[in-house]
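Let me begin by presenting the structure, written as structure tokens, before commenting on it.
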Amino acid sequence: MFTILNKESLAPQVDSIIIEAPYIAKHAKAGNFVVLRINEKGERIPLTIADSSKTEGTITLLFQKTGKTTEELGMLKPGNIIRDIAGPLGHDTPMHDYGHCVLVGGGIGSATLFPILKALKDRNNRVTTILGARTRELIIWENRFKEVTDELLLTTDDGSSGRKGLVTEVLKEVIETGDVKLVIAVGPVRMMQAVSELTKPFGVKTLVSLNPVMVEGTGMCGACRVNVGGKTRFACVEGPEFDGHEVDFQGLIDRLGFYREEEARALEAFRKKKCKGKCKSA
Amino acid sequence: MRTRDPEKRRRDFKEVALGLTQAQALKEARRCLQCKKPKCVSGCPVEIDIPKFIAAIREYDFKGGLEVIRKCNMLPAVCGRVCPQENQCQGSCVLGRKSKPVAIGALERFAADYEVKSKAPDAPVSIEQNSIKTAVIGAGPAGLTAAADLAKLGYDVTIFEALHEPGGVLTYGIPEFRLPKKIIHREIERIKKLGVKILLNWVVGRTQTLDELFEEGFRAVFIGVGAGSPKYMKIPGENLNNVYFASEFLTRVNLMKADQFPVYDTPVKRAKKVAVVGGGNVAMDAARTAMRLGAEKVYIVYRRSEEEMPCRLEEVEHAKEEVIELMVLAAPKEIIGDERGYVKAIKCDRMVLCEPDESGRRKPECSGEEFILEVDQVIMAIGQTSNPILVRSVNGLNTWGAGYIVTDNEGRTSIPGIFAGGDISTGAATVISAMGAGKRAARAIDSYVKELSLAKK
């Protein structure tokens, strides 16, 4: 049983919650995630540990309300209980004195990048962060990043904040002007793919954090398998970060769509039940 | 043993085998010769005094019979259902030489089920506690047995389980129609009454390290984390949509109750034509589950012949009764997908059997002929291997093969105070052999802790 201590709305459809989980908080490192199940009938979903405090014994999770489980999670309030949380899971992001690193985030990808940024800065790396979104209000944790990163560059599709355009355009300029040693991209699959394709000819090491469907999250079921460098790898125990130049992104996209029908059905049933048939379908 | 009508049972998840009636149990118990030197006992990995429990059943003392079993085995209702008795106790029964061996497994199940039916209140447990903390990692058959035995010896035992339910493979692997979940719950509750605590969602190696457990005062640790990681064939098409590992397919249904989607949130894909690859118990479980999810046709694709199938005899018989087709001497070489990345067929080599290999089974070789089976789902049930999470978090732990822990027969590892047993030390095997390992390790832990206290004095 895990108690929600705090909840915040960060953007339309994006919430963050702070949860009491002292053992997980004590061991959480950049790159790690948890698997949670809200209640007895719930599914197990993976969520990145976006922040943690050893002293407070808490972890912070960020989520976009795109399906039944995240929508239900978004309805919980401080004081409510999440039945199961297991973690921290997944490999830690490898930390070295890289030199100049560039973090590229799309939407909710900020959640994964923030602890990585902090860990990179703890090792005195120079870090440029590029955050992109459709529009200004969808850029997550701008201020938090500003406090820690050496340089923060924003892009929006509509030009409401930062540069109008895609993160890859800005990334290209950064790579061309500086001696970039490492790029870490987290966000929509197509964005991570575009970043990896961009950096490949420059020979810049690129890590992407993958988000396949998971069930138990500890390497036992193989639901989260992805093809990396021609080999089947389990994202939960061998990832979730992989070399972006080796990932079969199309395969990942195909597998991510496998349960789309069921996901829609579950969400619809949930909304109907939630408003007991009184409200219009969303 | 009585079973439900295959036509009805193959579309629901209710238990298939019905157990013995009291009259049948008495009749069967009377067949036992009560051998002075019982061979059956030496065939039992957890050393149950089989003649004694059968003698009690003969005298209508069903509760007494169960107590005899429980001295050695805290999971009688489970073992009475899933043990491969034909290779163990019953395989050693002297009656088997001339006619049928005593149905020991069915009698064990009868004794366990009788208690539930009679609603007899639990006898109060009185154990002299020594307050010495011992830890067990994994709440599967090995861990539960080690924990129960340590608790009976007076230890303060905590089990750490990674999943949200205890039971290990009994919970996520074996289907409801073969082992109802309420039976597992009941037996686990009884183990808790011995004083065993179970912490769920606790991934030792990540949530807490083994070193931290020792710092918290645990004197010894038993690792029984199983061999949960699925093996794959490394053939083209394995990552297509609707290719499942049996572990995922069964976990979705057994642990997450995907058969009841959308009442439960986890879905599973229901297919029309399903090929299950493999010939073990897991393959049978997956095939029979696919049938119950509504498949029109289920094939079991196996590269040797029926005779070499490693599953229990009863499982393949039940599968055949449920109109599951065995496609033997067939080795998959490619899974063929459509333009959307979904399975549409599986291509196999036809095999012939040659000389026996190192396992003693005749080795299959390609005949040169191949064929294509049109299916819309493929389930891989070709075995499991070690799970790396805990093992890689412990420095100095000797391993063999794909990361299995090296132990002696009593479960001692290369690190004093750390013991291991079950699939994580032997590779994938049976529930009962894991329980036997848990039992031996509990004894070894007891003597280790006693020696440690003596040394301190």
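The values are calculated or read from the model by the stated rules, or taken from the named source; none is laboratory data. Small disclaimer: the values here were computed from a predicted structure and weren't measured. Here the Cβ positions follow ideal geometry from the backbone for every residue, glycine too, while neighbour counts run over all protein chains shown. Please note that ligands, DNA and RNA were not included when accessible areas were found on the heavy atoms of the full protein model with its side chains. Shrake-Rupley method; radii C 1.70, N 1.55, O 1.52, S 1.80 Å.
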Checklist entry - Which aspartates and glutamates, on any chain, are close to A:LYS7 with Cα under 20 Å apart, when same-chain ones fewer than 8 places away are left out? => result A:ASP15, A:GLU20, A:ASP51, A:GLU56, A:GLU71, A:GLU72, A:ASP84, A:GLU137, A:GLU142
Next on the checklist: On a straight-distance basis, which aspartates and glutamates could pair with B:LYS98 in a cross-link, Cα separation under 19 angstrom, same-chain partners fewer than 8 positions away excluded?
Outcome noted: B:GLU28, B:GLU86
Checklist entry - What net charge do the residues around B:PHE218 carry, taking every other residue with its C-beta under 15 Å from that of B:PHE218, with Lys and Arg at +1 and Asp and Glu at -1? => result -3
Checklist entry - So which residues in the stretch A:235-266 end up with at least 40 square angstrom less accessible surface once the other protein chains are there, compared with the chain by itself, probe 1.4 angstrom? => result A:VAL237, A:ASP254, A:ARG255, A:PHE258, A:TYR259, A:GLU262, A:ARG265
Item to check | Charge dipole (debye, nearest 20) of the protein assembly as shown; +1 at Cβ of Lys and Arg, -1 at Cβ of Asp and Glu | outcome: 2260 debye
Checklist entry - Can you flag which of A:LYS29/B:LYS269; A:LYS77/B:LYS197; A:LYS231/B:LYS320 are past 32 Å Cα-Cα? => result A:LYS29/B:LYS269; A:LYS231/B:LYS320
Checklist entry - Along the charge dipole of the stretch A:160-282, which of A:VAL204, A:LEU256, A:VAL183 sits closest to the positive end, that is, farthest toward it, with unit charges on the beta carbon of Lys, Arg, Asp and Glu (+1, +1, -1, -1)? => result A:LEU256
Item to check | Relative contact order %, the stretch A:160-209, counting alpha carbon pairs below 8 Å whose residues are six or more apart | outcome: 40 percent
Checklist outcome for this item: Helix A:189-199: inclination vs chain A longest Cα principal axis, degrees, rounded to 10, gives 10 degrees
Checklist entry - Which of these, A:PRO115, A:PRO78, A:PRO212, has the largest mean-square fluctuation under a Gaussian network model of chain A (Cα springs below 10 Å)? => result A:PRO78
Next on the checklist: Based on alpha-carbon centroids, what's the gap between the stretch B:254-322 and the stretch B:83-151 in Å, whole number please?
Outcome noted: 27 Å
Item to check | Surrounding net charge for A:GLU246, when Lys and Arg each add one and Asp and Glu each subtract one, Cβ distance under 11 Å | outcome: +1
Item to check | Paramagnetic reach from A:ARG163 (point 7 Å along Cα→Cβ, amide N under 11 Å) across the stretch A:96-130 | outcome: A:130
Checklist outcome for this item: Checked against the positive end of the charge dipole of the stretch B:305-457 (+1 on Cβ of Lys and Arg, -1 on Cβ of Asp and Glu, about the Cα centre), the farthest of B:MET380, B:ALA330, B:LEU397 is B:LEU397
Checklist outcome for this item: Rounded to the nearest 500, the 222 nm mean residue ellipticity computed for chain A from DSSP H runs (n ≥ 4, each -39500 (n - 2.57)) alone is -8500 deg cm²/dmol
Checklist outcome for this item: For chain B, dividing by residue count, accessible area per residue (probe 1.4 Å) in Å² works out to 42 Å²
Checklist outcome for this item: Restricting to aspartates and glutamates and to Cα separations under 17 Å from B:LYS363, and discarding same-chain partners fewer than 8 apart, the set is B:GLU306, B:GLU307, B:GLU308, B:ASP349, B:GLU355
